[in-house]
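See structure below.
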Amino acid sequence: FLKSMQLKVQKKESKMVYVTYDKAKWHWGAKNAPTDIPQENGATHIAFFFRWCMERKLYSKDFAADFADDIARMDDSFDYRRYFLGAMDGVLGSEELNTAGKAFAKAYYATDRTKFAKTHGWYLQDYDDFVARKFGDKNFDNAYFYIENSPQNYAEIKAIIDRRYEEFLSFKAAK
């Protein structure tokens, strides 16, 4: 399902490069998107990664300044998916992340073509594998839309991202 994801890069007037890692509308606008469930379900995998970044404090100084009150409310009961869709318009991009967050997202999130992803894996494949384990023999092409935005599912994804982040830090240190 996610094999076709590509980094979207746009030049800003200041010559800074803005990278869009993922957008919810890319998923609910897909040809295989189910019509029997809320569109927000297409953003669950993005919101899980966003939450992980927030918990690791991988957000940019600008994001912290602009959303300080929101960040202060982010705890285990916070609805990160609703926040991602509302406050961030369903877009995960480089503006929200600090240098470490951008480096990890670039290496792990949006493409399988980085050196890190080729040797360790990438988020969207890890998520596909997670979905396949959840559905087992009943797995299907767009099953990721049916993954519940639950603490249990986030905990499983968090463990995967934590492992990949440790691998990423080791990978960077070995360079």
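Ala173 falls short on exactly one of the conditions (1) of a type in the set (Gly, Ala, Ser); (2) open to solvent by 20 Å² or more (accessible area, probe 1.4 Å); (3) within 18 Å of the chain's Cα centre (by Cα), and that condition is (3).
In the stretch 41-117, counting only helices (runs of 4 or more DSSP H) that sit wholly within it, the ones holding 1 or more residues that are farther than 19 Å from Ile161 by Cβ span 61-66, 68-73, 80-86. Within the stretch 38-53, restricting attention to residues that are open to solvent by less than 30 Å² (accessible area, probe 1.4 Å) and over 11 Å from the mean Cα position of the chain (by Cα), the residue that is nearest to Pro151 (Cα to Cα) is Asn41. Out of all the residues in the stretch 65-76, is one or more touching a His at 6+ places or on another chain (Cβ under 8 Å), open to solvent by less than 40 Å² (accessible area, probe 1.4 Å) and over 17 Å from Lys106 (Cα atoms)? The answer is no; no qualifying residue exists.
For (1) of a type in the set (Ser, Thr, Tyr); (2) modelled with pLDDT of 95 or more; (3) surrounded by fewer than 18 Cβ atoms within 10 Å (Cβ to Cβ), each residue gets a yes or a no:
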residue: Asp62; (1), (2), (3): no, yes, yes
residue: Leu85; (1), (2), (3): no, yes, no
residue: Tyr123; (1), (2), (3): yes, yes, no
residue: Phe140; (1), (2), (3): no, no, yes
residue: Ser150; (1), (2), (3): yes, yes, yes
residue: Arg163; (1), (2), (3): no, yes, yes
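Yes or no: the stretch 109-119 includes at least one residue that is open to solvent by less than 50 Å² (accessible area, probe 1.4 Å), touching a residue at least 60 places away in the same chain (Cβ under 8 Å) and of a type outside the set (Phe, Trp, Tyr). So far as the stretch 109-119 goes, yes, one or more of its residues are open to solvent by less than 50 Å² (accessible area, probe 1.4 Å), touching a residue at least 60 places away in the same chain (Cβ under 8 Å) and of a type outside the set (Phe, Trp, Tyr).
Quick one: would you say Lys57 is modelled with pLDDT of 95 or more, surrounded by fewer than 16 Cβ atoms within 10 Å (Cβ to Cβ) and among the charged types (D, E, K, R)? Yes: the conditions hold for Lys57.
The values are calculated or read from the model by the stated rules, or taken from the named source; none is laboratory data. This structure is a prediction, so every number in the text was calculated from the model and none was measured. Cβ coordinates were reconstructed from backbone atoms using ideal geometry, including for glycine residues, and neighbour counts include every protein chain displayed. Ligands, DNA and RNA are excluded from the accessible area calculation, which covers all protein heavy atoms including side chains. Shrake-Rupley method; radii C 1.70, N 1.55, O 1.52, S 1.80 Å.
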